[in-house]
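Notes follow once the structure below has been shown.
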Amino acid sequence: MAGIVAVGAVLLTGCGAMGASQSPVVGAPAQEGGGQDGGVPDLGGSPAEEPSVGIPGAGEDLGGVAGDEDRSVIISGTLSMRVGDPIATADAVSDAAVARGGAIDRRSEGASTDFEPAWATLSVRVPAGEVETMLTALRELGEVTRVDMGEEQVTAQVRDLEVRVDAARTSVDRLTQLLTTAADTETLLEVEAQLTERTGELEQLRSQQRALDDLVAMSTIGVDIRSTTVEGPTGTPSFWDGLVAGWGAFLAWGAATLFALGQAVPTLIVLAVLGLVVWLIVRRALKRRPQRATVTGPAVENPATTPAPVE
């Protein structure tokens, strides 16, 4: 019975700590009394010791510290540029990202055609503190036509997850300690069930925390690279280009028609021979068919139509 009571006290402690974690402000160190926590456990330091990610504006570079209060932000955006060789520029963008501790999450590219210029798109991820230097490097690679960068404030979410993870870890530690001191089988099974549930919740919270920390630590920049010209003397198709293309299409159509006709000739010959044979058979059958005899007799005059003799 005492073991059941102890398990209940531990569960109440974990629920109370995780419920108090809804506040974005980190509380004071926990006070123990009567076997239960009286507040939220300390996260290991004041808010000033948390890592921060800078934001643009206020005369500071991206990745710096804004004001006296640390903030956690997710920085992302897009950049469009025009260059002479998009494929080579994409390679340079990749090298610049790797040199700053980043990576390329996704890359797509297309070669130049007669009517479409070459292009390349990349999803670049760099540390938040290197966003400004990365933008500067991109501006040096070509003509930047558009920049759209933004941030999302996630300080409250980061602190909330920290408190919830700490509370779940405390609950798991106490259940693990209680598991070694269980007095009977009933208490042991109850503790094991609750420990499994709390451990699953803790791993889920840790996964969310890692994903959020990664978004804060690594900023995403979508880079769209377009070519300034296409292949050809002027880069723009002219009337002569269209005429040549049309003549080429006509010749291609004529060649395809002749090819199809050549394929159809053997079949047409066979069908013609079969048709001739059928026609000859039908003609001979019609000639051998006996004709019906026609019976002729004196013509019968209609009295109503025969004129009367004139006396």
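The values are calculated or read from the model by the stated rules, or taken from the named source; none is laboratory data. None of these values were measured; they are calculated from a predicted model. No Cβ is skipped: glycine too gets one built from the backbone with ideal geometry, and neighbour counts run over all protein chains shown.
Figures for the structure shown
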read-out: Given (1) within 19 Å of V163 (Cα to Cα); (2) modelled with pLDDT under 90, index of the condition Q204 fails; value: (2)
read-out: Counted residues, the range 140-167 - those being touching a residue at least 24 places away in the same chain (Cβ under 8 Å) and part of a helix (DSSP H, G or I); value: 14
read-out: Any hit, the range 123-132, residues being over 27 Å from the mean Cα position of the chain (by Cα), within 30 Å of S80 (Cβ to Cβ) and in contact (Cβ under 8 Å) with a residue 60 or more places away in the chain; value: no
read-out: In the range 86-115, residue farthest from R226 (Cα to Cα) [restricted to those that are in contact (Cβ under 8 Å) with a residue 40 or more places away in the chain and over 23 Å from the mean Cα position of the chain (by Cα)]; value: A96
read-out: Filter result (surrounded by 14 or more Cβ atoms within 10 Å (Cβ to Cβ) and closer than 23 Å to G150 by Cβ) within the range 90-119; value: V93, A96, A97, R100, G102, I104, R107
read-out: Residue within the range 198-206 that is in contact with a Gly (Cβ under 7 Å, 6 or more places away or on another chain) and either exposed (fewer than 11 other Cβ atoms within 10 Å of the Cβ) or in a helix (DSSP H, G or I) (or both) present; value: yes
read-out: Flag for T113 being at pLDDT below 90, among the polar types (S, T, N, Q) and outside any strand (DSSP E or B); value: yes
read-out: Residue count for the range 237-295, restricted to those that are modelled with pLDDT of 85 or more and among the hydroxyl-bearing types (S, T, Y); value: 2
read-out: Every residue from the range 60-83 that is modelled with pLDDT of 90 or more and not charged (D, E, K, R); value: V73, I74, I75, S76, G77, T78, L79, S80, M81, V83
read-out: Checking E190 against (1) modelled with pLDDT of 90 or more; (2) in a helix (DSSP H, G or I), the condition it does not meet; value: (1)
